[in-house]
Protein chains: 2
Amino acid sequence: MEKPAPADHPIQDLLARRWSPRSFADEAVPGKILLSLFEAARWAPSSFNEQPWFFLIAVKEDREAFERMLSCLVPGNQAWAKGAPVLMLTAARLAFERDAKPNRHAFHDVGLAAMSLVIEATARGLFAHQMAGIEAEKIRASYGLPDDVDPATAIALGYPADAIPEDMTERELAPRSRKALEDFIFTEGWGKPASLLR
Amino acid sequence: MEKPAPADHPIQDLLARRWSPRSFADEAVPGKILLSLFEAARWAPSSFNEQPWFFLIAVKEDREAFERMLSCLVPGNQAWAKGAPVLMLTAARLAFERDAKPNRHAFHDVGLAAMSLVIEATARGLFAHQMAGIEAEKIRASYGLPDDVDPATAIALGYPADAIPEDMTERELAPRSRKALEDFIFTEGWGKPASLLR
């Protein structure tokens, strides 16, 4: 199943096709492809080229690693993410490596890397569902995260399902919606839409 | 000038070409194209579909708006960003709109939207340079940001320069570098590279 964004202005097919499903095909993702996804993340830009992003990955063939990672999601996400062939956790180093000062852009830059990974995935026929619903303290303890690293998100990833499981139909078929550009593109001041929108 | 990433594993041309220059051609970006960039950002995913991202934009033709935004960058960035035809500021709403609770993914999700915008820009022959070096309190005061919204980054955007100004040669021609995948892709625990890297 695909669910392209109903964009008001033309955007790249790759960006319109990107969507966060809850159902995936029962098909493994080749390691070579996963390497390309991480390579895409690797070349994201970051404040002072700090690259504050980290990824933990578990594939379903490695049952133990997969179950361990799955158990780090909130139960509502476990319910559907268990069907994905690949799980990832992202994390952010909150302090600069060179001087230990706080990096207020750490989470932002993890977002830049995550989106790069997701775009590369979309180009390869994969879909990714990023999740905020994780058990951060469990991740920290289970994987031994350093004090200055915070868990950020989980990502479920795989090829699209041919058929949607019955209990997911409503959520999977719900229309995609976003705010209007007027609500978040300003020029003169807060709440004043940019003139190019008129 | 272009400066594609020397990727170790194949990635999309669009991601490899993305680069953050400091020199731009003296050529305006059509409003229609800017709309597509914002539309790309609009369709980024976010925690609870909160869409915590905001963009302020100033184009060089609007001298007053441009100078005002330029003055919100740190001096080191002003020095080169003044040559870009388009400037943007990004901001993040730190609390969920529906219940005012903290959104710990706000900056992360602004990163997702920013990367979408930058990818759309790259597809259209544009280059974007994202900056952490901004005067956050000046932005807050100048544009009247609400208390629960924090400035995140600035973005300078435009077509690539034909020739690099002499005082920028060193920085613009410096090789691009990143950590190795082994440094940030783990499976068993922190610092233990994922087996797919072996």
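The values are calculated or read from the model by the stated rules, or taken from the named source; none is laboratory data. Only a predicted model underlies this, so the values are computations on that prediction, with no experimental measurement involved. Reconstructed Cβ throughout: ideal geometry from the backbone, glycine too, with neighbour counts over all protein chains shown.
Per the conditions (1) within 11 Å of another protein chain (Cβ to nearest Cβ); (2) over 25 Å from residue B:113 (Cβ atoms), the sole criterion not satisfied by residue A:26 is (1). Kindly evaluate residue A:162 against the criterion of being touching a residue at least 24 places away in the same chain (Cβ under 8 Å) and under 27 Å from residue B:191 (Cβ atoms). No. Restricting the search to the range B:40-55, which residues are touching a residue at least 24 places away in the same chain (Cβ under 8 Å) and over 15 Å from the mean Cα position of the chain (by Cα)? Once the filter is applied, which keeps residues that are touching a residue at least 24 places away in the same chain (Cβ under 8 Å) and over 15 Å from the mean Cα position of the chain (by Cα), the range B:40-55 yields B:43, B:45, B:46, B:47, B:48, B:50, B:51, B:52. Screening the range A:1-98 for helices (runs of 4 or more DSSP H) wholly inside it with 1 or more residues that are among the hydrophobic types (A, V, I, L, M, F, W, C), touching a helix residue (DSSP H, G or I) at 6+ places or on another chain (Cβ under 7 Å) and within 20 Å of residue B:10 (Cβ to Cβ) returns the ranges A:13-17, A:31-42.
Answer yes if at least one residue in the range B:125-133 is within 28 Å of residue B:160 (Cα to Cα), assigned to a helix (DSSP H, G or I) and within 13 Å of another protein chain (Cβ to nearest Cβ), and no otherwise. Taking every residue of the range B:125-133 in turn, none turns out to be within 28 Å of residue B:160 (Cα to Cα), assigned to a helix (DSSP H, G or I) and within 13 Å of another protein chain (Cβ to nearest Cβ). Yes or no: the range A:24-33 includes at least one residue that is farther than 23 Å from residue A:133 by Cα, of a type in the set (Val, Ile, Thr) and at pLDDT 95 or above. Scanning the range A:24-33, I find at least one residue that is farther than 23 Å from residue A:133 by Cα, of a type in the set (Val, Ile, Thr) and at pLDDT 95 or above, so the answer is yes.
Candidates A:167, A:109: the one that is away from chain B (no Cβ under 11 Å) and either more than 30 Å from residue B:12 (Cβ to Cβ) or of a type in the set (Asp, Glu) (or both) is A:167.
The set of residues in the range A:156-198 being under 29 Å from residue A:30 (Cα atoms), outside any helix (DSSP H, G or I) and more than 18 Å from the chain's Cα centre (by Cα) consists of A:161, A:162, A:163, A:164, A:165. Is it true that residue A:153 is part of a helix (DSSP H, G or I) and either buried (at least 16 other Cβ atoms within 10 Å of the Cβ) or out of contact with any helix residue (DSSP H, G or I) (no Cβ under 8 Å at 6 or more places or on another chain) (or both)? Judged against the criteria, residue A:153 is not a match.
Of the residues B:91, B:156, B:106, B:161, the single one that is in contact with a strand residue (DSSP E or B) (Cβ under 8 Å, 6 or more places away or on another chain) and farther than 24 Å from residue B:78 by Cα is B:106.
Against the conditions (1) charged (D, E, K, R); (2) more than 10 Å from chain B (Cβ to nearest Cβ); (3) within 22 Å of residue B:188 (Cβ to Cβ), where does residue A:172 fall short? Just the number, please. Result: residue A:172 passes all but (3). For the residues B:132, B:95, B:100, B:114, the requirement of being surrounded by fewer than 21 Cβ atoms within 10 Å (Cβ to Cβ) and either closer than 20 Å to residue A:49 by Cβ or at pLDDT below 95 (or both) singles out B:132.
Out of B:87, B:181, B:145, one residue alone is touching a residue at least 12 places away in the same chain (Cβ under 8 Å) and either farther than 23 Å from residue A:107 by Cα or more than 10 Å from chain A (Cβ to nearest Cβ) (or both). It is B:87.
Looking only at residues of the range B:1-50 that are more than 25 Å from residue B:161 (Cα to Cα) and acidic (Asp, Glu), we find that the one that is surrounded by the most Cβ atoms within 10 Å (Cβ to Cβ) is B:39.
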